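**Student:** This is the structure I want to talk about, given as structure tokens.
The values are calculated or read from the model by the stated rules, or taken from the named source; none is laboratory data. Small disclaimer: the values here were computed from a predicted structure and weren't measured. Neighbour counts are summed over all protein chains in view; Cβ atoms, including those assigned to glycine, are modelled from backbone coordinates with ideal geometry.
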Amino acid sequence: MSNTLRLYARFPACPLCDGNSLADLRVDRCNGHPLWQRGLSEYIHWVHCTHCEHVFSRDFFTPEGLALLFGRANPSQIATLNIDIERTRWAPSIERVQQHLGQPAWAVDDAVWLDIGCGGGGLVITAAEYGFTAIGLDTRFAAVEHLRKLGYSAEVGDLSNLDVSDPVQVISLADVLEHVPYPRNALKRVYCALQPHGLVMISCPNLDCGSWRKSNADGVNPYWGEIEHHHNFSRASLMRLLAEEGFQPLSYHISVRYKSCMEIIARRTA
């Protein structure tokens with residue numbers, strides 16, 4: 001029991017608004033998740049902030065907990081299984097970013113795109129094909145090595161210690177923000193790493209969409225047992241958070257890459 005406690009820390013207040021008006025929402029099993037292993041809790045306790053309406057896990061992983069969790073990885077988090085499928089999946093997102101940059105396709109060769117949590121590398125590979133100087137960042141060394149072997153740029157690191165010497169034009173957080181304990185702090189780092197008027201692209205599940213609601217009604221929503229997730233955002237809550245941290249939301253899209261997934265592109269306002 002004491003070892004389990006060392007693997008987790010408890011949120012002292014709402015991680016978005018710092019409020020203390022919290023209510024228990026539900027408890028779900030997570031020991032069927034592919035990354036679960038002995039030593040981790042078999043349950044996730046979900047909490048609802050009655051002040052800002054945010055939904056988040058009661059506990060988050062300590063560095064020791066993350067080390068144990070990352071002892072395993074889904075195949076898609078290490079190596080792209082089918083690059084042709086990945087190209088098709090990522091092309092619409094990259095084309096939307098191009099449009100918001102206001103540059104013709106042939107003029108983006110000097111634009112740096114940093115993909116945080118690059119996983120299998122599908123976004124990095126496809127962004128590079130479109131002409132971006134694409135760089136992947138991931139905590140898993142195997143994922144970084146996979147991209148490097150294919151001739152792409154990638155580094156080991158994560159959002160918690162993001163520090164770039166030269167601000168970049170585009171940063172993507174594809175299914176990342178829901179993983180970090182304190183999303184507001186993460187967005188502050190993204191803001192500093194972007195050039196003035198640079199773009200951030202964020203994708204994550206949308207707890208207010210029809211797909212999520214139907215899964216809840218049927219009792220088969222996989223995200224309640226998602227061991228890596230600490231937050232569940234709605235479109236409105238994520239856009240509000242972005243605006244509060246100095247970003248202007250530009251567009252909302254439905255992503256077909258994951259169940260109930262949304263994609264928001266926003267611009268650093270200064």
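**Student:** Residue check: is Asp115 without any contact (Cβ under 8 Å) to a residue 40 or more places away in the chain and of a type in the set (D, E, K, R)?
**Tutor:** Working: without any contact (Cβ under 8 Å) to a residue 40 or more places away in the chain: no; of a type in the set (D, E, K, R): yes.
When the stated conditions are applied, Asp115 does not pass them.
**Student:** On to the next question. Mind checking which residues of the stretch 30-65 are basic (Lys, Arg) and either closer than 19 Å to Pro222 by Cβ or surrounded by 14 or more Cβ atoms within 10 Å (Cβ to Cβ) (or both)?
**Tutor:** Arg58 - this is the single residue of the stretch 30-65 that is basic (Lys, Arg) and either closer than 19 Å to Pro222 by Cβ or surrounded by 14 or more Cβ atoms within 10 Å (Cβ to Cβ) (or both).
Rundown of residues vs (1) farther than 19 Å from Pro15 by Cβ; (2) surrounded by fewer than 19 Cβ atoms within 10 Å (Cβ to Cβ); (3) of a type in the set (D, E, K, R); (4) within 18 Å of the chain's Cα centre (by Cα), yes/no style:
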{"residue": "Asn216", "(1), (2), (3), (4)": "yes, yes, no, no"}
{"residue": "Val220", "(1), (2), (3), (4)": "yes, yes, no, no"}
{"residue": "Glu226", "(1), (2), (3), (4)": "no, no, yes, yes"}
{"residue": "Pro249", "(1), (2), (3), (4)": "yes, yes, no, yes"}
{"residue": "Arg257", "(1), (2), (3), (4)": "yes, yes, yes, yes"}
{"residue": "Glu263", "(1), (2), (3), (4)": "yes, no, yes, yes"}
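**Student:** A further question on this structure: List the residue pairs whose Cβ atoms are under 7 Å apart, where the first residue sits in the stretch 236-256 and is free of Cβ contacts under 8 Å to residues at least 60 places away in the same chain, the second is surrounded by fewer than 14 Cβ atoms within 10 Å (Cβ to Cβ) and part of a helix (DSSP H, G or I), and the two are 6 or more positions apart or on different chains.
**Tutor:** These pairs meet every condition: Pro249/Ala243.
**Student:** From the list Asp158, Asp166, which residue is within 20 Å of the chain's Cα centre (by Cα) and among the acidic types (Asp, Glu)?
**Tutor:** On inspection, the qualifying residue turns out to be Asp158.
**Student:** Let me ask something else. Residues of the stretch 1-32 being modelled with pLDDT under 95 and not in a loop (DSSP other than H, G, I, E, B), which ones?
**Tutor:** Residues satisfying the conditions are Ser2, Asn3, Thr4, Leu5, Arg6.
**Student:** Test Val190 against the stated conditions and say whether it is closer than 20 Å to Thr139 by Cα, outside any helix (DSSP H, G or I) and either under 13 Å from the mean Cα position of the chain (by Cα) or touching a residue at least 60 places away in the same chain (Cβ under 8 Å) (or both).
**Tutor:** No, not satisfied.
**Student:** Test Leu35 against the criterion of being touching a helix residue (DSSP H, G or I) at 6+ places or on another chain (Cβ under 9 Å), at pLDDT 95 or above, not assigned by TED's automatic domain parsing to the domain that holds Val180 and not in a strand (DSSP E or B), and give yes or no.
**Tutor:** no
**Student:** Now, a different point. I'm checking my understanding of the structure. Among residues of the stretch 228-238 that are surrounded by fewer than 19 Cβ atoms within 10 Å (Cβ to Cβ) and over 30 Å from Leu68 (Cα atoms), which one is nearest to the chain's Cα centre (by Cα)?
**Tutor:** Arg235
**Student:** Would the stretch 246-256 turn up any residue that is small (Gly, Ala, Ser), in contact with a helix residue (DSSP H, G or I) (Cβ under 6 Å, 6 or more places away or on another chain) and either not in a helix (DSSP H, G or I) or not assigned by TED's automatic domain parsing to the domain that holds Gly121 (or both)?
**Tutor:** As a first pass, look at the stretch 246-256 and keep what is small (Gly, Ala, Ser): 246, 251, 255.
Restricting the remaining residues to those that are in contact with a helix residue (DSSP H, G or I) (Cβ under 6 Å, 6 or more places away or on another chain) gives 246.
Among the residues that remain, those that are also either not in a helix (DSSP H, G or I) or not assigned by TED's automatic domain parsing to the domain that holds Gly121 (or both) are: 246.
Yes - at least one qualifying residue is present in the stretch 246-256.
**Student:** Something else now. So Leu199 clears everything in (1) part of a helix (DSSP H, G or I); (2) of a type outside the set (Val, Ile, Thr); (3) over 14 Å from the mean Cα position of the chain (by Cα); (4) buried (at least 22 other Cβ atoms within 10 Å of the Cβ) except one condition, right? Which one?
**Tutor:** The number of the failed condition is (1).
**Student:** In the stretch 38-65, how many residues are in contact with a strand residue (DSSP E or B) (Cβ under 9 Å, 6 or more places away or on another chain) and assigned to a loop (DSSP other than H, G, I, E, B)?
**Tutor:** Counting residues in the stretch 38-65 that are in contact with a strand residue (DSSP E or B) (Cβ under 9 Å, 6 or more places away or on another chain) and assigned to a loop (DSSP other than H, G, I, E, B) gives 7.
**Student:** Taking the conditions exactly as written (in a strand (DSSP E or B) and of a type in the set (A, V, I, L, M, F, W, C)), does Ile171 satisfy them or not?
**Tutor:** Criteria met by Ile171.
**Student:** Another question, if that's okay. Give the residue that is surrounded by the fewest Cβ atoms within 10 Å (Cβ to Cβ), with candidates limited to residues of the stretch 139-165 that are touching a residue at least 40 places away in the same chain (Cβ under 8 Å) and closer than 21 Å to Cys192 by Cα. Full working, then the answer.
**Tutor:** Of all residues in the stretch 139-165, those touching a residue at least 40 places away in the same chain (Cβ under 8 Å) come to 139-140, 142-143, 146, 158-159, 162, 164.
Right, trim to closer than 21 Å to Cys192 by Cα and you get 139, 158-159, 162, 164.
Numbers: Thr139: 17, Asp158: 17, Leu159: 22, Leu162: 17, Val164: 15.
Among those that are touching a residue at least 40 places away in the same chain (Cβ under 8 Å) and closer than 21 Å to Cys192 by Cα, it is Val164.
**Student:** From the list Leu177, Leu123, Leu162, exactly one residue is modelled with pLDDT under 95 and touching a helix residue (DSSP H, G or I) at 6+ places or on another chain (Cβ under 7 Å). Which is it?
**Tutor:** Leu162
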